[in-house]
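The values are calculated or read from the model by the stated rules, or taken from the named source; none is laboratory data. The structure presented is a predicted model; accordingly, all values stated were derived computationally and were not measured. Here the Cβ positions follow ideal geometry from the backbone for every residue, glycine too, while neighbour counts run over all protein chains shown. Quick note on the areas: whole protein, heavy atoms, side chains included, nothing else; ligands and nucleic acids left out. Shrake-Rupley method; radii C 1.70, N 1.55, O 1.52, S 1.80 Å.
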Amino acid sequence: MSSEQLIPTLDISSFTGAADANSLAIAREVNRACEEIGFLVIEGHGVPGQIIQKLDACSRQFFDLPLETKQSYFASDDTYFGYKGMQHAALAYSLDIEDAKPDLREQFGSGRPDYPELTDDYYRKGMGLEFRCDIRWPQEVVDFQVAWADYYNAMADLSEKIMRIFAVALDMPLDYFDRMLDKHVSSLGVYNYPEQKDKPEEGQLRGGAHTDFGSLTIVHADWSAPGGLQVFTKNREWMGVPAKPGTFAINIGDMMERWTNDRWVSTLHRVANPPGNYAGNTRRQSIIFFHIPNYDAIVECIPSCADSENPAKYDPITVGNHHLMKMGKMFDVEDEPG
């Protein structure tokens, strides 16, 4: 089976949530993809191209700054936020692969960009402190913070629509997840994979093999650049994710796999190195939105995903505890800027 057959490209523009033929057909295709591979590609998503292009351009400007300047935005604790330098983390650590090599990437990440304006105790006390986002925004790049907020908000809106598609795909009411999303604690990261002038160490990748932690992930990548996103198929082979400009790759995370009682699969994936004989520039950049529902939402088996012959496999757990259970493992590589 080709990657295009295994990972469908779906136009979601006609999804209304009503019981019309187009909406139901989209939901069926999403269900099939999530059951078989946990990945799909979407078009017709409604996100304006200028929002994507602006953040992409601003991020490239940031990563082109001198290393000393970028390190001034380093997040010193074990969070996803702020700047993280090359080989700062190993995604494969999240799977307890102890001999994993650090990833060949640098990144800038944040939680909710409106965090400083949020006065609700939900974000300021208890578990909310684990998702705090007190970071310094790069001043050297004009409109970086504005571009970041615009993109984040567009992804939050798109995630809400996708979660509604998920609800219909799982034979649940359209608004099944809505009450779990109004105070989401999603994060956004931009990854820079510099040109590889030196041969990587044996087994070292741009992004090591891992599964994502949350409900869903939305990826915008430089699809023209070599060395990209790959998934591990049931045939135990690595396959590139098919995509084209203007689309997003979507994958579900461990949280959604648990919610669906393993009906949907959170699939192993990685970011491959460019071919060693590639003659052009191998730099690559990805913008990745990790959707994380309200941290106090309960992840427990969705009613349509269990019956007397297939009972619930997992104990209920909050979104926050599930997420933090894995997140800290990624940053065991180093604790200093670099």
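Assorted remarks:
- Breaking point among (1) surrounded by fewer than 17 Cβ atoms within 10 Å (Cβ to Cβ); (2) within 18 Å of Met155 (Cα to Cα), for Ser224: (2)
- Answer from Val141, Val168, Val190 - the residue that is assigned to a loop (DSSP other than H, G, I, E, B) and either on the phi > 0 side of the Ramachandran plot or open to solvent by less than 50 Å² (accessible area, probe 1.4 Å) (or both): Val141
- Checking the stated criteria, Phe62 turns out not to satisfy the condition of being of a type in the set (Phe, Trp, Tyr) and either part of a loop (DSSP other than H, G, I, E, B) or in contact with a helix residue (DSSP H, G or I) (Cβ under 6 Å, 6 or more places away or on another chain) (or both).
- Residue match in the range 4-15 (condition: of a type in the set (S, T, N, Q), surrounded by 19 or more Cβ atoms within 10 Å (Cβ to Cβ) and in contact with a helix residue (DSSP H, G or I) (Cβ under 7 Å, 6 or more places away or on another chain)): no
- For the range 22-50, residues that are of a type in the set (D, E, K, R) and either part of a strand (DSSP E or B) or out of contact with any Leu (no Cβ under 8 Å at 6 or more places or on another chain) (or both) total 4.
- In the range 221-332, counting only strands (runs of 3 or more DSSP E) that sit wholly within it, the ones holding 1 or more residues that are at pLDDT below 90 and among the β-branched types (Val, Ile, Thr) span 269-271.
- Only one of Phe248, Phe232 that is within 18 Å of the chain's Cα centre (by Cα) and surrounded by fewer than 21 Cβ atoms within 10 Å (Cβ to Cβ): Phe232
- None of Leu174, Leu158 is assigned to a loop (DSSP other than H, G, I, E, B) and at pLDDT 90 or above except Leu174.
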